[in-house]
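Read the structure below first, then the notes.
The values are calculated or read from the model by the stated rules, or taken from the named source; none is laboratory data. Since the model is a prediction, treat every value here as computed from it, not as a measurement. Positions of Cβ are backbone-derived with ideal geometry, glycine not excepted, and every protein chain shown enters the neighbour counts. In case anyone asks, the SASA skips ligands and DNA or RNA and just uses the protein heavy atoms, side chains included. Shrake-Rupley method; radii C 1.70, N 1.55, O 1.52, S 1.80 Å.
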Amino acid sequence: MREIGQIYESCSSVKKNKKDLQFDLSSLPSLAAEMMISGFPLELMDGDAGHVPVIWISAVLDKLIQKLGDQRVFVLSVLGLQSSGKSTMLNAMFGLQFAVSAGRCTRGAFMQLVKVSDEMKTQMNFDYILVKVRLNPSCVFVHQNVSDVTVVEKNEEGRIRFEEKLDEMTKLAAKEQDCDAECFSDVIRFDVQNDVKYFAQLWEGSPPMAPPNPKYCENIQELKKTIMSHASKSHGTMLIDLKDRIKDLWEALLNERFIFSFRNSLEISAYRKLETKYSKWSWTLHSAMIETENKLHNKIENRAFYEVEETDLQTELKKTSEEVEKSMSEFFEKDTDAEILIQWKSSFEIKIKEIQENIVGETKKKLNRKHLENTLYEKSKELALKLKDKTNDEQTLKKKFDLFWKKIIRDTHAIREIDIKTDVREILSDVYESAPVRKRKRKDIFCVTSYADYVQLKKTSGFTGSFTNAYRSAKETFSHSLSKEDETQIRSLVTDVIQQTDRMIESFNISKMGYNISCIQLLTDYIKRKVTEHQEGSEKYEFKNEFFVDLVYSICKRAIKMIIDQHTLFRETICVKKREQYYSIFQKYCHGTTSAVIFGEIICQKLKVPIEQNVYKKTAKDLADEIIKNCESLNGNRSNLEKHILKTLAEEEDFDKYMNYVENPREHFKSFIRDEVSRYITDKFSVSVLPKMKENIKLLQQKIMKAAHESAEHVQVNRGDVGLWLKSFTQQLSDVLIFSEKDLRAVKHDVDDFNLLEDVIRKELPAIMSDISSRLNGKTFPANLDYKFRPGELLIDHFCQCCWVQCPFCKAVCCNIIENHHGDHSVAFHRLRGINGTCSHSTKNLCADICTNLVASDQYFYTTDGRFPCRDYRTAGGVYADWSITPDLSELPYWKWFVCRFQKDLEKYYNKTFEESGEIPDEWRKYSKQDAVESLDKYI
């Protein structure tokens with residue numbers, strides 16, 4: 001029968017002319033219906049393939065209705081473990097013909113009609129009993145092979161424990177589905193005293209010679225009476241309704257891919273608890289590495305450390321790593337759901353290991369950089385010593401210093417004026433010697449309406465035959481016509497590159513280090529890598545050289561102002577602020593101030609910036625820890641974050657922000673996180689942020705004075721010089737401050753009074769600390785931090801290192817928490833296709849359907865490669881092949897409210913309308929904003 005059903009379904013799915021077939025396949029359902037009436041079972045689910053042939057089952061039931069009329073049936077289902085005697089029990093109870101034998105299993109699910117006798121019809125409200133289809137709203141539990149069914153006390157105790165377990169699982173399932181059920185009987189009619197049966201063994205003795213056990217037959221009759229008692233109270237189900245219920249049940253099974261990958265509600269609850277723990281473990285590792293990065297960065301700057309190896313970072317991270325491992329071990333071993341959780345232990349251990357390897361690798365790259373050395377102090381001192389005994393006139397000294405300073409500015413390469421355009425041309429000429437870098441007029445790639453002119457078809461794009469050759473020739477002569485999906489992907493690439501290069505320019509720290517051509521080299525290398533990666537992922541097209549060249553030019557053109565502004569700030573710092581500082585030193589040397597006093601004042605002045613950096617970075621890290629614990633939108637996983645984003649969008653009802661979320665989800669997430677952090681800092685600055693900063697300043701002041709005192713003692717005991725003092729002083733501060741011997745090497749040789757030096761530092765340092773404290777406020781806090789150390793950026797790194805691939809139909813973002821993950825992309829809830837501008841083919845009617853309904857329909861969609869059935873969307877290849885989209889019966893009311901609320905805005909935005917096939921259903925308009933927001937809490 002299974003094969004007959006498969007043949008029928010195959011033939012039904014083929015839309016070709018069937019007149020030439022030698023056999024009329026339409027008669028097959030009628031034959032199957034006759035067999036069912038005769039008492040033969042019909043396979044409902046293919047146990048080998050795990051598939052319900054809905055077309056075949058529906059056709060058979062239609063024929064059954066034709067032959068019997070729309071009879072009322074009582075559905076009886078039997079569920080149980082493999083080889084637990086289900087078929088034997090049904091055969092004994094109703095005289096059925098399910099195949100049974102030693103070692104045999106009934107694979108799949110079957111249904112069989114049992115006709116109710118005329119005598120029984122007077123007691124029952126139905127004509128047939130249909131065995132084995134679905135779980136009805138009432139049930140009876142049967143325990144088979146119980147050795148002594150007369151032990152009442154033991155069975156009573158078992159009943160109580162059994163009911164407790166059912167109630168526990170019901171509460172968990174109700175919590176997941178947002179229901180109010182408290183016990184199993186709230187969902188399914190069940191009486192623990194009457195609906196739990198204990199059966200004796202089938203055989204009396206050991207098979208094969210043992211006779212049947214009479215007690216088993218008695219138990220069967222007792223169970224049959226209970227079932228008939230339930231049946232007499234039931235109104236049954238009409239056959240036509242049964243057909244629809246089978247179809248609905250199968251679609252629900254397909255839809256709940258996540259739910260049915262678990263055995264029960266306990267597993268679902270345990271897995272979600274594990275996800276929350278995983279988020280905390282990963283943040284613990286990230287947080288510890290940020291602290292390690294700050295400490296090692298200080299040591300590198302202080303020359304206490306020269307180059308960082310991965311082993312160094314792993315050593316620094318070892319303690320935290322062991323703590324995380326211990327926490328994981330305790331969670332998997334001691335949690336109340338430990339027996340369930342153990343199945344995922346290995347996979348999550350691998351995930352944590354991968355996170356650790358990634359953050360170690362990235363941190364190593366950040367730390368191994370060289371910085372510019374400052375020699376201005378040495379030269380200022382040399383000039384002062386030359387003029388010391390020649391003149392005391394301030395005007396003469398000032399003129400001499402001004403002439404000296406202009407020469408310094410002129411001769412110092414890093415302070416010179418820069419020509420970024422020339423640097424870009426030079427690098428691009430090296431990259432593409434054959435490219436017309438100078439001859440061709442460059443396009444601003446951000447302003448083009450289509451990228452078709454920048455691509456050409458790949459030779460492996462799948463076209464064959466003479467038509468293809470002509471097609472390719474025409475396309476290569478003009479341009480490749482890109483599909484909407486291709487255009488969107490390239491635009492997304494350009495957007496990502498823009499955003500990342502902005503971050504890179506920030507990380508170059510040009511305002512402190514100055515500009516050099518290596519900045520452009522790094523940008524160019526990054527852009528090249530991203531373009532190559534994107535190109536390798538495309539099966540249809542490849543970029544022309546002009547795409548890369550124009551992209552680099554456009555990004556550099558856009559960045560020129562930012563780079564020049566930062567380099568100008570660097571030059572002003574050197575030319576103006578540093579000038580004042582070094583002129584003061586110059587004056588003091590000219591007037592005969594002792595080296596110990598000057599040295600002490602210089603140390604305090606040079607400590608000012610490192611102290612500020614430490615205070616801001618340490619506070620930022622502590623604040624990020626606090627925010628992730630206390631901020632409601634940021635204290636969970638990415639799904640929780642997205643829920644709060646959608647709630648905020650609904651509250652603000654800003655259409656432009658909605659479209660930013662739809663078209664640039666990653667950037668919208670980042671912007672939302674930054675706003676949340678900024679709001680938290682503003683609200684909590686006086687009660688949380690400021691106290692942390694002042695406490696850090698106090699601790700630093702104490703540590704600096706301790707280092708100065710111990711260094712003085714160290715020099716006196718060892719009869720050392722200023723070099724030994726400075727070495728001791730900087731080493732004691734090397735793990736908290738960027739402060740090294742190299743900054744002071746010009747003056748350290750002529751200081752010999754170390755008690756005086758300590759007194760000068762003790763006197764000058766409080767004023768420096770007071771000045772820093774006086775400038776602490778909510779606005780300067782983030783502004784004075786390097787971009788990568790800001791709390792918002794730390795949390796962005798934590799939340800946004802995940803998959804951001806969008807559904808090719810509706811642009812919903814893949815919900816996988818791992819970037820570049822294995823397997824298909826998927827999303828919990830898809831949305832209306834019209835939201836991203838999709839129209840019905842050859843019309844300007846925006847689609848009002850949801851792609852999860854689309855893949856269950858007989859509709860088609862179009863790409864540049866042709867027309868494809870929505871049911872078989874994967875056959876379109878490319879991005880479509882990488883997505884798992886199943887029919888979704890639980891549509892999110894949120895997006896229905898959105899499209900009704902912003903219908904006119906969407907129509908204006910896309911210059912299209914929701915008309916005809918895309919008309920918005922009237923029932924959608926009943927949803928209020930409150931309904932939309934509440935649906936987020938219910939489903940996400």
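Tabulated values for the structure
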item: Of all accessible heavy-atom area on the stretch 558-661, the percent that carbon and sulfur account for (1.4 Å); result: 48 percent
item: Dipole axis of the stretch 789-940 (+1 Lys, Arg; -1 Asp, Glu on Cβ), positive-most option in Cys847, Asn911, Gln806; result: Asn911
item: Portion, in percent, of the accessible area of the stretch 774-905 that falls on carbon or sulfur, probe 1.4 Å; result: 48 percent
item: FRET efficiency, Asp46 to Arg425 (Cβ-Cβ, R0 56 Å, nearest 0.05); result: 0.25
item: Pairs from Lys280/Lys811; Lys670/Lys929; Lys277/Lys670 whose Cα-Cα separation, in the structure shown, is over 27 Å; result: Lys280/Lys811
item: Estimated dipole of the stretch 779-936 in Debye, rounded to 20 [Cβ of Lys and Arg +1, of Asp and Glu -1, Cα centre]; result: 500 debye
item: At 0.890 mPa s and 25 °C, Stokes D of the stretch 483-566 from Kirkwood alpha-carbon radius, µm² per second; result: 179 µm²/s
item: Stretchable slack from Gln535 to Arg558, in nm (0.36 nm times residue separation minus alpha-carbon distance); result: 5.9 nm
item: Unsatisfied cross-links (Cα-Cα over 29 Å) in the set Lys388/Lys606; Lys318/Lys606; Lys319/Lys606; Lys132/Lys273; result: Lys318/Lys606; Lys319/Lys606; Lys132/Lys273
item: Residues of the stretch 777-891: accessible area per residue with a 1.4 Å probe, Å²; result: 40 Å²
item: Linear extension gain, Tyr909 paired with Ile4, 0.36 nm per residue minus alpha-carbon span; result: 320.5 nm
item: Too-long pairs where the Cα-Cα distance tops 26 Å, listed order kept, from Lys684/Lys938; Lys381/Lys727; Lys351/Lys618; result: Lys684/Lys938; Lys351/Lys618
item: Å² per residue, accessible surface of the stretch 509-636 at 1.4 Å; result: 41 Å²
item: The stretch 305-345 - accessible surface per residue (Å², probe 1.4 Å); result: 67 Å²
